[in-house]
Amino acid sequence: MSAGDRRVFIKTYGCQMNVYDSERMADALAPGGWRAVDSAEDADLVVLNTCHIREKAAEKVYSDIGRLREISQARSAEGGRLTIGVAGCVAQAEGAEIARRAPLVDFVVGPQAYHRLPQLVAQVGARGAAGGAALVETEFAPEEKFARLGARAARGPAAFLTVQEGCDKFCAFCVVPYTRGAEISRPVERVLAEARALLEAGVVEITLLGQNVNAYHGEGPGGPWGLARLIRALAAEGVGRIRYTTSHPNDMDDDLIAAHGDAPALMPYLHLPVQSGSDRVLRAMNRRHTAEGYLAIIAKVRAARPDIAISGDFIVGFPGETEAEFEETMALASAVRHAHAYSFKYSERPGTPAADAPGQVPEAVKAERLARLQALLAADQARFNAACVGRETEVLLERPGRLPGQLVGRSPWLQSVHLDAPASLMGRAARVLLASAGPNSLAGALVGPQAAPRA
Ligand code: 5AD
Ligand code: SF4
């Protein structure tokens, strides 16, 4: 194996922040001659970029590590070596416990220490085939991480850009404040520089990421900037399509709401988790907003941008949730009519306040409530999609479709749109007539001169 032909497989679990982090880890390793591959079988280095938000997350990671054993043994038999690293939120939460329970693991690196990845890999390499105890790096040094992650590579016309990390809200069910740490915002100039690099690489759409992205308050010229100001500055730099996710209702300030009306680059889509429609449950969740407050924000956002697609997150069966309280969630969902939403059964996260709360709801009750909520949300999504039929809009063409001659892109409302289009339009925003709608996607047709068949 020569330097320059080293292969890394990064497996991404969970949210978009992890997708971004995986890309940045690949960027950080690239100067050392590491090339990304699509499977562990083809790799010399496997990094599991883990997520802790779903149930039994740590157990799933341990069983995935177990599955790498065979590949590792085969590699050793050939006189080679498979290096295994665990990154992400499970790495942060479990730390040295991973080293103890999974001796196969060479290093553990928390989400705030990715800039240390090349050194960790080099250190493991220097130890040779014998290996040794896993190296554990779970310090919190977020600013340093971003500053030292190196050049940014683009991977298609739509890119993620993390502008904020961590959370100070401490919702009673959530591990994020413990795994990702306190809320921090990247300085404005750093964000703009990364966006410029993406634009130069042909990126058309940027999704600004943060666990609490609308709480953004990065240092900029003249003091801290809010998210709306950052969005306007990115639009002025030439970013044609801008999105942000995910947000807390209490950080939806008037400037951000106004931007939905007056910044054309800001796409008409808002992911604003509500979790529950019951004020008692919201209080128990430590959400610090009410159902009415949430509806008032949605009304304001819709006044600014009437066609906006509203998305959200729901949890059913939070400890103590009664049938009547669940009905309040159904009523809230009916009132909002989401274009799209995620919904989950509450499940315990060790170390969070709700995990020890009395009144845990039986699994069967949670499942039944979730099914009812999901039926309602699916009907709302289908209704939203159907209402888009007949509109002419801009679709960013991102990837080939399943059929020859087809491309798939995203509408401004974040729906997948399938259409016949020449491959030369890949990566571009095309004018499209939305012709028909299914529950999860739309079909469209090119309009205007670009629709003319190629000679
Ligand atoms: N149980 C169920 N859902 C959860 N979420 C976060 N923690 C839990 C949990 N313990 C959901 C919330 C959050 C989304 C990212 O995941 O709805 O908004
Ligand atoms: Fe978790 Fe979001 Fe609540 Fe923060 S605001 S604790 S990330 S659910």
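Annotations
- Neighbours of F173 by Cβ distance under 9 Å: Lys/Arg scored +1, Asp/Glu scored -1, total 0.
- Near G240, once Lys and Arg are set to +1 and Asp and Glu to -1 for all other residues with Cβ below 11 Å from its Cβ, the sum equals -1.
- Taking 0.36 nm per residue of sequence separation and removing the Cα-Cα distance, the A335/T290 pair yields an extension gain of 14.8 nm.
- The chain: Cys lacking any partner C-beta under 4.7 angstrom: C15, C51, C89, C167, C388
- Estimated FRET transfer efficiency (A77, A299; beta-carbon r; R0 56 Å; 0.05): 0.30
- Extension gain, R280 back to D255 (0.36 nm per residue minus Cα-Cα distance, nm): 6.0 nm
- Scaled against 2.2 N^0.38 Å for its residue count N, the alpha carbon radius of gyration of the stretch 392-446 is 0.95.
- Over the chain, accessible surface divided per residue gives 42 Å², non-protein components excluded, 1.4 Å probe.
- Once Rg and the Kirkwood radius are both taken over the C-alpha atoms of the stretch 273-386, their ratio Rg/Rh works out to 0.98.
- Amide H contacts for I10 (H built 1.01 Å from N in the peptide plane; partners 5 or more residues away or on another chain; cut-off under 5 Å): V37, V47.
- The stretch 67-136: equivalent-ellipsoid semi-axes (sqrt of 5 x gyration tensor eigenvalues, Cα, Å): 21, 14, 10
- Cα Rg, Dmax (largest Cα-Cα span) when computed across the chain, Å: 23.0, 70
- Counting only the Cα atoms, the stretch 6-140 fills a convex hull of 95 Å³ per residue.
- Residues of the stretch 74-90 with amide N under 16 Å of a point placed 7 Å along Cα→Cβ from S39: 74-75
- Positive minus negative residues near P306 (Lys, Arg vs Asp, Glu; Cβ under 15 Å): +3
- Fraction of accessible area attributable to carbon and sulfur, the chain (%, probe 1.4 Å): 55 percent
- Net charge dipole size for the stretch 6-140 [Lys, Arg +1 and Asp, Glu -1 on Cβ; Debye, nearest 20]: 200 debye
- Candidate residues D64, D38, D253: accessible-area rank, largest first, probe 1.4 Å: D38, D253, D64
- Modelled label positions at A154 and Q119, each set 7 Å beyond Cα in the direction of Cβ, lie 3.2 nm from each other.
- Rounded to the nearest 20 debye, dipole of the stretch 1-81 from Cβ charges on Lys, Arg, Asp, Glu: 160 debye
- Binned Cα-Cα distance frequencies in the stretch 85-244 - 5 Å width, integer %: 2, 9, 16, 17, 17, 14, 12, 8, 4, 2, 0
- Span-like helix ranges in the chain, DSSP H, alpha carbon extent 27 angstrom or more, Kyte mean at least -0.5: 363-388
- Estimated FRET transfer efficiency when R0 is 51 angstrom, pair E323-D5 (beta carbons, to 0.05): 0.25
- Distance from the alpha carbon centroid of the stretch 153-191 to that of the stretch 304-335 works out to 25 angstrom.
- Around the Cα centre of the chain, unit charges on the Cβ atoms of Lys, Arg, Asp and Glu (plus for the first two, minus for the last two) sum to a dipole of about 780 debye.
The values are calculated or read from the model by the stated rules, or taken from the named source; none is laboratory data. None of the values given here were measured: they were computed from a predicted structure. Don't worry about glycine lacking a Cβ; one is built from the backbone with ideal geometry, like all the others, and counts go over all protein chains shown. Heavy atoms of the whole protein, side chains included, go into the accessibility calculation; ligands, DNA and RNA do not. Shrake-Rupley method; radii C 1.70, N 1.55, O 1.52, S 1.80 Å.
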